[in-house]
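A short reminder: the numbers here are calculations on the coordinates, not readings from a lab. The structure presented is a predicted model; accordingly, all values stated were derived computationally and were not measured. Ideal geometry is used to build each Cβ from the backbone, glycine not excepted, and the neighbour counts take in all protein chains shown.
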Amino acid sequence: MGIDGARVAGMGDYHVHLHPHTRRPGDLDPHSFPQDHIERYVARARERGLGEICFTEHLYRMVESEPILGRFWEGESAEVASTTIRFVTAERTFHLDEYVTAVVTAKDRGLPVLLGLEVDFFPETIDAALDLIAPYPWDILVGAVHWVGGFAFDHDEASFEFHRRGIDRVYEEYFAVETALAASGAVDVLAHADKVKRSGFRPTVDPDGWYQSVATAAAATGTAVEVSSAGLRQVCAEIYPAADFLAAFHRAGVGITLASDTHRPDGAGEDFDKVVAAARQAGFTERLAFAGRVSTPVPLEEAGG
């Protein structure tokens, strides 16, 4: 699908997952990507006035990522490492070929879907990760920081490490990695750029310097940032990125996409009225539409809830 007026008439949710992290009764088998499941996301998106959605499953959930990402938790305390090992082992059940085939099949059937990947960023292995995924026809790559070293800062089971390491230090380390991601030029969009706030821990120092570092790096590499409703459903109860952070991206000339980061069909386009309001308040009047990893600016539409 090329980018044209019909295709982008109705905004896109550019961060959607086909499987939840925590399964509930009745959830889909975590090894499959059936077409009727994809159709449920599309139907919900259309109900909310969206023109397209982009599936962005995690790289670390792909079996093929294991030899690439390696044992990135080594060097952490036994408690921190064991939390990450349990989580990654339980989650790594997908295969790249099967995931790509499912989304491309839906696209070929005429569904308004895009093929994306959430690339979990580790500075030491990003080049090998890009080599692994290079053969596939991605529409968009979103980059994300979920671990500082081997510390899964967005997992409640590991929240004790904020107190042991110190909240300010965790923030400093997180934003150093986030800046490295933005500076790498490896991805098209930064996902949930201040996810370190997810569990409600806040630094005692002014974060503006960190915000500026990320925004400047993103501008230099032409990397966009998503405005995501996901944080509204977490303890922080706040859009990603925070208002001051989003304003820093706008001042730097960084483009935006819109995202829900949902892991279930009903969440497609959730709270996009708040997402659009946050973007407009920061000064944005356009968003980016993607196809084949090429972006086109389009007007920032109004949104329903």
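Yes or no: His263 within 25 Å of His37 (Cα to Cα), out of contact with any Ser or Thr (no Cβ under 6 Å at 6 or more places or on another chain) and not acidic (Asp, Glu)?
yes
Keeping to the range 105-127, report how many residues are within 20 Å of the chain's Cα centre (by Cα) and surrounded by 15 or more Cβ atoms within 10 Å (Cβ to Cβ).
So the answer is 13.
Of the numbered conditions (1) within 20 Å of the chain's Cα centre (by Cα); (2) surrounded by fewer than 19 Cβ atoms within 10 Å (Cβ to Cβ), Gly75 fails exactly one; give the number of that condition.
With (1) within 20 Å of the chain's Cα centre (by Cα); (2) surrounded by fewer than 19 Cβ atoms within 10 Å (Cβ to Cβ) applied to Gly75, the lone miss is (1).
Quick check on the range 200-231: of everything there that is of a type in the set (A, V, I, L, M, F, W, C) and out of contact with any Phe, Trp or Tyr (no Cβ under 9 Å at 6 or more places or on another chain), which residue is surrounded by the fewest Cβ atoms within 10 Å (Cβ to Cβ)?
The extreme case among them is Ala220.
Output the residues belonging to the range 245-276 that are assigned to a loop (DSSP other than H, G, I, E, B), touching a residue at least 40 places away in the same chain (Cβ under 8 Å) and of a type in the set (A, V, I, L, M).
Result: Ala268, single match.
Please state which one of Ala242, Ala279, Ala237 is within 30 Å of Ala43 (Cβ to Cβ) and in contact (Cβ under 8 Å) with a residue 40 or more places away in the chain.
Exactly one of Ala242, Ala279, Ala237 is within 30 Å of Ala43 (Cβ to Cβ) and in contact (Cβ under 8 Å) with a residue 40 or more places away in the chain, namely Ala279.
If you go through the range 178-208, how many residues are over 14 Å from Phe162 (Cα atoms) and either among the acidic types (Asp, Glu) or more than 15 Å from the chain's Cα centre (by Cα) (or both)?
Of the residues in that region, 12 qualify.
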